[in-house]
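Asks: Pasting in a structure now, in structure tokens, and then I'll have a few things to ask.
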Amino acid sequence: MNLKNIAKGSTESFTVDDGVILLKQTNDNEFASNFNYNISKDYIQFHFCLKGTSKFLFNQGSYVFNVENENSILLYNPNKELPIDLLLDSNSQVLSILISIKKFHSLFSDESDQISFLNNDNIGNKLYKEKQIGPMIAIILNQMYQQSLNLSMYKLYLRGKIFELMSLYFSKDKEMDIEQCPFLADDNNIKKIKKAKEIIISRMIEPPTLVQLSKEVDISLKKLKQGFKQVYGTSVFSFLIDYKMQVSKRLLSSGEYNVNEVALKVGYSTATHFINAFKKKFGTTPKKYLMTI
């Protein structure tokens, strides 16, 4: 990989609760991006790759952990700092949850014997664990990533979702995912829903109608609506609007485009419609947002 083509990335961080931090790392650039975040050794790190591929580098690149699409890693070393040095490939997304060991123990204090590294025999041991992201966990992660609420409500929403995620992550019931979500028992439907998402993202300027989309991915309109909301936590239309707004925010932040140019790039025929949508999403106009940066 050409090091000259590695850009410096930015991270959205949310302090969800005392001892609980969530990071959203997205790379929509043409080249790989590097993300850095300092965290103390008192924290357990959960990293989930929702899209694309990623590499976690430690000790100046001496240790590299590859995390690909729909996979995750758990990292914990009580004896050494593990600052996050993430190399995220183009068109990739990683969601990270950082929980202090004190907070983590409080979540499972009555059932700590079920989680191997919480046992007294393992106190002080470092841990590295790879895990494939199951269907129910994938739903929660995408809901956390895509949900758009005001900041105070979003943190409250994230708190509940993180606790739900932890209970599923450490559940011993291997069938729990499928039993709780019958729709996802049909793996073919999951692929069709994911394909539908990819289509509306790739064609956000002129997206297909729901009827056209359902025909294109070969699924009924009813199943498309139900399945999309179940997997991504929102309707197809709302997902597309949120995606357009996130892209527009990044384009504005780059300083390379004015408001009219960004409006056209994300599929708005008039700047007025774009400004109204941006204000509804972020509570400010694009022009005022530009002034803040």
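The values are calculated or read from the model by the stated rules, or taken from the named source; none is laboratory data. Model, not experiment: these values are computed from the prediction. Note that each Cβ is placed from the backbone with ideal geometry, even for glycine, and that neighbours are counted across all protein chains shown.
Asks: Among the residues of region 71-91, what is the count of those that are small (Gly, Ala, Ser) and either more than 25 Å from Asn142 (Cα to Cα) or modelled with pLDDT of 90 or more (or both)?
Replies: Counting residues in region 71-91 that are small (Gly, Ala, Ser) and either more than 25 Å from Asn142 (Cα to Cα) or modelled with pLDDT of 90 or more (or both) gives 1.
Asks: Mind checking which residues of region 154-172 are surrounded by fewer than 16 Cβ atoms within 10 Å (Cβ to Cβ), touching a Leu at 6+ places or on another chain (Cβ under 9 Å) and under 14 Å from Ile140 (Cα atoms)?
Replies: Phe163, Ser167
Asks: Another one. Taking the condition of being in a helix (DSSP H, G or I), over 10 Å from Val259 (Cα atoms) and not hydrophobic (A, V, I, L, M, F, W, C), how many residues in region 273-293 meet it?
Replies: So the first thing to find is which residues in region 273-293 are in a helix (DSSP H, G or I), and the list is 273-282, 286-292.
Retained after the next criterion (residues that are over 10 Å from Val259 (Cα atoms)): 273, 276-282, 288-289, 291-292.
Remaining after also requiring not hydrophobic (A, V, I, L, M, F, W, C): 273, 276, 279-281, 288-289, 292.
Of the residues in that region, 8 qualify.
Asks: So, Val20, is that one at pLDDT 90 or above and in the same structural domain as Asn150 (by TED's automatic domain parsing) or not?
Replies: Working: at pLDDT 90 or above: yes; in the same structural domain as Asn150 (by TED's automatic domain parsing): yes.
So Val20 passes the test.
Asks: Right, something else. Can you tell me which residue in region 243-293 is modelled with the lowest pLDDT, limited to those that are under 17 Å from Met204 (Cβ atoms) and polar (S, T, N, Q)?
Replies: Gln246
Asks: Take Asn276 and decide whether it is touching a helix residue (DSSP H, G or I) at 6+ places or on another chain (Cβ under 6 Å) and either of a type in the set (Gly, Ala, Ser) or free of Cβ contacts under 8 Å to residues at least 40 places away in the same chain (or both).
Replies: For Asn276, the condition - touching a helix residue (DSSP H, G or I) at 6+ places or on another chain (Cβ under 6 Å) and either of a type in the set (Gly, Ala, Ser) or free of Cβ contacts under 8 Å to residues at least 40 places away in the same chain (or both) - is not met.
Asks: Report yes if Tyr257 is part of a loop (DSSP other than H, G, I, E, B) and aromatic (Phe, Trp, Tyr), otherwise no. Reasoning before the result, please.
Replies: Values: part of a loop (DSSP other than H, G, I, E, B): yes; aromatic (Phe, Trp, Tyr): yes.
When the stated conditions are applied, Tyr257 passes them.
Asks: Here's a follow-up. Yes or no: Asp218 among the charged types (D, E, K, R), within 15 Å of Glu198 (Cα to Cα), surrounded by 15 or more Cβ atoms within 10 Å (Cβ to Cβ) and in contact (Cβ under 8 Å) with a residue 12 or more places away in the chain? Quick ask: steps written out before the conclusion?
Replies: On the way: among the charged types (D, E, K, R): yes; within 15 Å of Glu198 (Cα to Cα): yes; surrounded by 15 or more Cβ atoms within 10 Å (Cβ to Cβ): no; in contact (Cβ under 8 Å) with a residue 12 or more places away in the chain: yes.
So Asp218 fails the test.
Asks: Being modelled with pLDDT of 75 or more and in contact with a helix residue (DSSP H, G or I) (Cβ under 6 Å, 6 or more places away or on another chain) narrows it down to one residue among Ile205, Ile162, Ile199, Ile193; which is it?
Replies: Values: Ile205 fails: in contact with a helix residue (DSSP H, G or I) (Cβ under 6 Å, 6 or more places away or on another chain); Ile162 fails: in contact with a helix residue (DSSP H, G or I) (Cβ under 6 Å, 6 or more places away or on another chain); Ile199 fails: in contact with a helix residue (DSSP H, G or I) (Cβ under 6 Å, 6 or more places away or on another chain).
After applying the criteria, what remains is Ile193.
Asks: I would also like to ask the following. Whether any residue in region 48-57 is surrounded by 16 or more Cβ atoms within 10 Å (Cβ to Cβ), touching a Pro at 6+ places or on another chain (Cβ under 9 Å) and not in a strand (DSSP E or B) is what I want to check. Before you say what the answer is, go through the steps one by one.
Replies: Kept after step one, since they are surrounded by 16 or more Cβ atoms within 10 Å (Cβ to Cβ), are these residues of region 48-57: 48-57.
Narrowing the set further to residues that are touching a Pro at 6+ places or on another chain (Cβ under 9 Å) leaves none.
There is no residue in region 48-57 that is surrounded by 16 or more Cβ atoms within 10 Å (Cβ to Cβ), touching a Pro at 6+ places or on another chain (Cβ under 9 Å) and not in a strand (DSSP E or B).
Asks: Please work out if Ile139 is in contact with a Cys (Cβ under 9 Å, 6 or more places away or on another chain), assigned to a helix (DSSP H, G or I), modelled with pLDDT of 80 or more and among the β-branched types (Val, Ile, Thr). Walk me through it before giving the result.
Replies: Numbers: in contact with a Cys (Cβ under 9 Å, 6 or more places away or on another chain): yes; assigned to a helix (DSSP H, G or I): yes; modelled with pLDDT of 80 or more: yes; among the β-branched types (Val, Ile, Thr): yes.
So Ile139 passes the test.
Asks: Look through region 204-254, keep the residues that are of a type in the set (S, T, N, Q) and not in a helix (DSSP H, G or I), and return whichever of them is farthest from Val266 (Cα to Cα). Let's see the steps before the verdict.
Replies: Our first condition is that a residue be of a type in the set (S, T, N, Q); within region 204-254, this holds for 209, 212, 214, 220, 226, 230, 234-235, 238, 246, 248, 253-254.
Still in the list and also not in a helix (DSSP H, G or I): 209, 220, 234-235.
Working: Thr209: 17, Ser220: 28, Thr234: 20, Ser235: 19 Å.
Per the stated criteria, the residue is Ser220.
Asks: Right, another one. Check Ile99, Ile115 and return the single one that is modelled with pLDDT of 90 or more, within 23 Å of Ser171 (Cα to Cα) and of a type in the set (Val, Ile, Thr).
Replies: Numbers: Ile115 fails: modelled with pLDDT of 90 or more.
So the residue among Ile99, Ile115 that is modelled with pLDDT of 90 or more, within 23 Å of Ser171 (Cα to Cα) and of a type in the set (Val, Ile, Thr) is Ile99.
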